[in-house]
């Protein structure tokens, strides 16, 4: 049988693992897909490659498909999230100077408590210069949500700067930034270059933040239903393999290669095993579920996730979130059910959930009996009920 | 008469940047600035307040430039590439040439078009030259390693040069590999064993 070629793009990050593993461990091949991976230099270029058809699928920031539905990508066609490929996996860090200031003030760097960390950064001189990889990203949403809870507003109290993840360490080292939020391994690289320290994992702000998705253009997904199914199955199986504890070491060995991340396996091990070195003195912190690829329905594209992102984007970009019909439908839980139900994925009874309402993993109703959802809470205890927002 | 355009080129490779400058100058008077570093890029661009920023699609700093282009809100300005999104051909041509342009102010399409055309043509040429150079270099390196592998086989197995090459080729075919890869494996192995 002739294999179906699919060109797929990724940005060199640990959370690109599901696509890379789908190729390297043969899950794509088993589905009859000739997966051709292409490393992209920046998020805007990856987006354009997808939109202009140079690639058919991409490892993508979760807000981008939602932004396309809200008309924030001006004229670019609609993107879809076929499935979520990772929850969390980012870190918030400080420049060495800022870290030293906090340390002098007696801050404990527990790497857990976002409220305490927020209190500590409140005393810093403003405006704070904050680096994120891309403006329309979960990084921006988490950081601005957190800063807003401290009473900080953009421009007066902080400014956000788009800095490519690979260059984040350099920007921190050049004293261009006070704070940064970036996906691994690039936060650990800042620490290893002795240019800064880590303050919090992204999961300390939202424990179940959908970080990256498997994205295609909506037209491509609609016109190629069978190929879309195969691609989703391959990536889903890769994420299942990634969730096995034994897989971490081999994953680091795969990702470290120059055509992927080109970073030492030891640095990659930290995020894959949830044990991060937070400063140049070598202090470590363990974070359970630092990054989640698969378990507890992590891959399900919940419409409530899209709704949450849509509301945040609408607020930040001053557009009417309800004015764009079908913002939620860019998260394709319909395709997920269709493609992955037959191969054993747990399917929840509903495609919407209340975000932030689970302090611990909990059992919910599924199509087939019941299933477990992972902990899902915000640092400030807030709850987002999509049904209440209309 | 319209004022001269201010154009910023973000490019680390000096020769390449100058080649683009030359091609732009031929299409009219303009103020051209070259920024080569990744650091403080955002501030430098903001200070120059250009009408157009040209940057290679392969440059990771493109995300930083895009943020500047969108600073006043995504609905006011084109997200990517060109003044007029309906001009799909120009957009496609630029992507293929490996270039993205951000028009920082509401420039008219007819003013920007000649600049883009000139820059696209130059990008294509520079890219082609670079590819040719890399291909030639690789071919030379591969020939060197095949020669060394042949030499090893001639010495260790008492083969003639032709026989040595035939053996390399047969092994490559049997293993579904390229001759240079087989040769390189042999040379590496012999270095480890000697």
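When the residues of region B:43-58 are narrowed to those that are within 16 Å of residue A:42 (Cα to Cα) and modelled with pLDDT of 80 or more, which ends up farthest from the other protein chains (Cβ to nearest Cβ)?
Initial filter on region B:43-58 (within 16 Å of residue A:42 (Cα to Cα)): B:54-58.
Next, only the ones that are modelled with pLDDT of 80 or more stay: B:54-55.
Numbers: B:54: 14, B:55: 10 Å.
Of everything passing the filter in region B:43-58, B:54 is farthest from the other protein chains (Cβ to nearest Cβ).
Does region A:96-107 contain at least one residue that is touching a strand residue (DSSP E or B) at 6+ places or on another chain (Cβ under 7 Å) and surrounded by 24 or more Cβ atoms within 10 Å (Cβ to Cβ)? Within region A:96-107, not a single residue is touching a strand residue (DSSP E or B) at 6+ places or on another chain (Cβ under 7 Å) and surrounded by 24 or more Cβ atoms within 10 Å (Cβ to Cβ). Count of region A:64-79 residues, restricted to those that are surrounded by fewer than 22 Cβ atoms within 10 Å (Cβ to Cβ) and modelled with pLDDT of 95 or more, is 0. Return yes when residue A:310 is closer than 25 Å to residue A:205 by Cα, surrounded by fewer than 13 Cβ atoms within 10 Å (Cβ to Cβ) and modelled with pLDDT of 90 or more and no when it is not. No: the conditions fail for residue A:310. Tell me, yes or no, whether region A:122-141 has at least one residue that is in a helix (DSSP H, G or I), more than 27 Å from residue A:212 (Cβ to Cβ) and at pLDDT below 95. Yes, region A:122-141 contains a residue that is in a helix (DSSP H, G or I), more than 27 Å from residue A:212 (Cβ to Cβ) and at pLDDT below 95.
Of A:18, A:41, which residue is within 12 Å of chain B (Cβ to nearest Cβ) and either outside any helix (DSSP H, G or I) or closer than 21 Å to residue A:186 by Cα (or both)?
On the way: A:18 fails: within 12 Å of chain B (Cβ to nearest Cβ).
Answer to the check: A:41.
Of all the residues in region A:165-189, those that are closer than 17 Å to residue A:263 by Cα and modelled with pLDDT under 95 number 6.
Residues in region A:43-55: is at least one within 18 Å of residue A:232 (Cβ to Cβ) and at pLDDT 95 or above?
Initial filter on region A:43-55 (within 18 Å of residue A:232 (Cβ to Cβ)): A:50, A:55.
Going one step further and asking which of them are at pLDDT 95 or above, we end up with none.
Scanning region A:43-55, I find no residue that is within 18 Å of residue A:232 (Cβ to Cβ) and at pLDDT 95 or above, so the answer is no.
All of A:61, A:82, A:94, A:13 fail the test of being within 21 Å of residue A:231 (Cβ to Cβ), away from every other protein chain (no Cβ under 14 Å), at pLDDT 95 or above and under 22 Å from the mean Cα position of the chain (by Cα), apart from A:82. Just one of the listed residues (A:158, A:260) is farther than 28 Å from residue A:312 by Cα and away from chain B (no Cβ under 14 Å), and it is A:260.
Specify the residue that is farthest from residue B:115 (Cα to Cα); the eligible residues are those in region B:23-39 that are modelled with pLDDT of 80 or more and out of contact with any helix residue (DSSP H, G or I) (no Cβ under 6 Å at 6 or more places or on another chain). Steps first, please.
Taking region B:23-39 and keeping what is modelled with pLDDT of 80 or more, we get B:31-36.
Restricting the remaining residues to those that are out of contact with any helix residue (DSSP H, G or I) (no Cβ under 6 Å at 6 or more places or on another chain) gives B:31, B:36.
Working: B:31: 13, B:36: 20 Å.
Per the criteria, the residue is B:36.
If you check A:266, A:253, A:226 for being closer than 27 Å to residue A:94 by Cβ, over 18 Å from the mean Cα position of the chain (by Cα) and in a helix (DSSP H, G or I), only one passes: A:266. Residues that are crowded, with 24+ Cβ neighbours inside 10 Å, within 14 Å of chain B (Cβ to nearest Cβ) and in a loop (DSSP other than H, G, I, E, B) within region A:172-194 comprise just one, A:177. As a summary of the residue check, residue A:343 satisfies the conditions (1) crowded, with 17+ Cβ neighbours inside 10 Å; (2) in contact with a helix residue (DSSP H, G or I) (Cβ under 7 Å, 6 or more places away or on another chain) except for the one numbered (1). Does at least one position in region A:159-169 carry a residue that is more than 22 Å from the chain's Cα centre (by Cα), in contact (Cβ under 8 Å) with a residue 60 or more places away in the chain and part of a loop (DSSP other than H, G, I, E, B)? The answer is no; no qualifying residue exists.
For region A:324-346, name all the residues that are assigned to a loop (DSSP other than H, G, I, E, B) and without any contact (Cβ under 8 Å) to a residue 40 or more places away in the chain. Steps first, please.
Step one: of region A:324-346, the residues assigned to a loop (DSSP other than H, G, I, E, B) are A:324-327, A:332, A:344-346.
Once the filter is applied, which keeps residues that are assigned to a loop (DSSP other than H, G, I, E, B) and without any contact (Cβ under 8 Å) to a residue 40 or more places away in the chain, region A:324-346 yields A:325, A:344.
Taking region A:218-246 as the range and being within 22 Å of residue A:284 (Cα to Cα) and either in contact with a helix residue (DSSP H, G or I) (Cβ under 9 Å, 6 or more places away or on another chain) or in the same structural domain as residue A:165 (by TED's automatic domain parsing) (or both) as the test, only A:245 passes.
Residues checked against (1) at pLDDT below 80; (2) closer than 30 Å to residue B:56 by Cα:
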| position | (1), (2) |
| --- | --- |
| B:108 | yes, yes |
| B:112 | yes, yes |
| B:121 | yes, yes |
| B:124 | yes, yes |
| B:128 | yes, yes |
| B:137 | no, yes |
| B:141 | no, yes |
| B:176 | no, no |
| B:184 | no, no |
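The values are calculated or read from the model by the stated rules, or taken from the named source; none is laboratory data. As the structure is a prediction and not an experimental result, all values here were calculated from the model. So basically every Cβ, Gly included, is an ideal-geometry build from the backbone, and we count neighbours across all protein chains shown.
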